[in-house]
Amino acid sequence: MSLVYCQRWNKRLAKPIKPLTVKEAERLHDAGEPYAVVSFNDAVGRVNRVVELALRSGHVRVYFFDEYNRVEMTYTFGPTKELLFLRSITTYDYGDSTEYLGMSQCERIEEDEFREDGTGLHTVRDERTGESFSEELHLKPSKNLDELWESVPEFGHYASIGRGSRSQPPIPFG
């Protein structure tokens with residue numbers, strides 16, 4: 001596993017846009033300026049995660065990729081005082097296709113949006129069935145939102161915000 005730093009990651013071409021040295025990326029990190037870090041799986045020769053950080057504004061987005069280099073899930077963190085709050089988890093289903101498709105070309109999108117007050121919204125858009133709906137989410141009385149809070153990552157330490165396996169379901173909403 002190796003890390004590649006860049007200004008942005010081109011998802012379609014699976015290449016960095018303006019590669020950065022470690023020192024350049026660290027300078028951007030310390031200044032809170034936007035940059036991306038790519039987790040490259042050397043064993044299979046492909047990217048498995050990209051973390052985009054804009055720490056001055058407190059926004060972090062994590063992209064998870066499938067074996068065809070398509071985005072299969074995203075985490076979007078939003079700012080709070082010194083922590084990040086997981087605002088949404090979005091999954092993308094491309095059906096039986098084995099070719100590269102952009103996120104807008106998927107067959108089904110499911111998004112869970114979370115609010116700090118213990119409410120949220122579950123939205124489904126399915127191109128195959130024409131199904132499209134949203135439903136409110138409410139935190140179960142015996143549960144808490146602890147798993148949705150993350151510390152702002154130190155430079156080079158992205159494992160916590162980039163972990164793909166949070167509890168199932170990702171948040172204990174009923």
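Coordinate-derived values only; no laboratory data. Predicted model, so just to flag it, every value in this text is computed and none were measured. Quick reminder, even Gly has a Cβ in these numbers, built from the backbone with ideal geometry, and neighbours come from all protein chains shown.
Side notes on the structure shown:
- Of TYR35, TYR75, TYR100, the one that fluctuates the most in a GNM where the chain has Cα springs shorter than 10 Å: TYR100
- Residues of region 100-129 falling in the label zone of LYS81, defined by backbone nitrogen less than 20 Å from a point 7 Å along Cα to beta-carbon, are 115-118.
- Taking all Cα pairs closer than 8 Å and separated by 6 or more residues, the relative contact order of region 66-153 comes to 24 percent.
- Measuring max minus min along each principal axis, the C-alpha atoms of the chain give extents of 45, 41, 25 Å (largest first).
- About its Cα centre, region 1-57 has a charge dipole of approximately 300 debye under the convention of +1 per Lys or Arg Cβ and -1 per Asp or Glu Cβ, with nothing else charged.
- Contact order, relative form, for the chain: 14 percent (alpha carbon pairs under 8 Å, 6 or more residues apart, mean separation divided by residue count).
- Gained length - LEU13 relative to TRP149, 0.36 nm times residue gap less alpha-carbon distance: 45.7 nm
- Straightening the chain between ASN41 and TYR100 buys 19.4 nm, computed as 0.36 nm per residue apart minus the Cα-Cα spacing.
- Estimated FRET transfer efficiency when R0 is 25 angstrom, pair THR119-ALA54 (beta carbons, to 0.05): 0.45
- Ratio Rg/Rh, restricted to region 1-57 and using Cα atoms, in which Rh is the Kirkwood radius: 0.98
- Here the relative contact order of region 1-57, from alpha carbon pairs under 8 Å that lie six or more residues apart, stands at 36 percent.
- As a calculated quantity, the FRET efficiency between GLU67 and GLU26 at R0 = 41 Å, using C-beta atoms, amounts to about 0.85.
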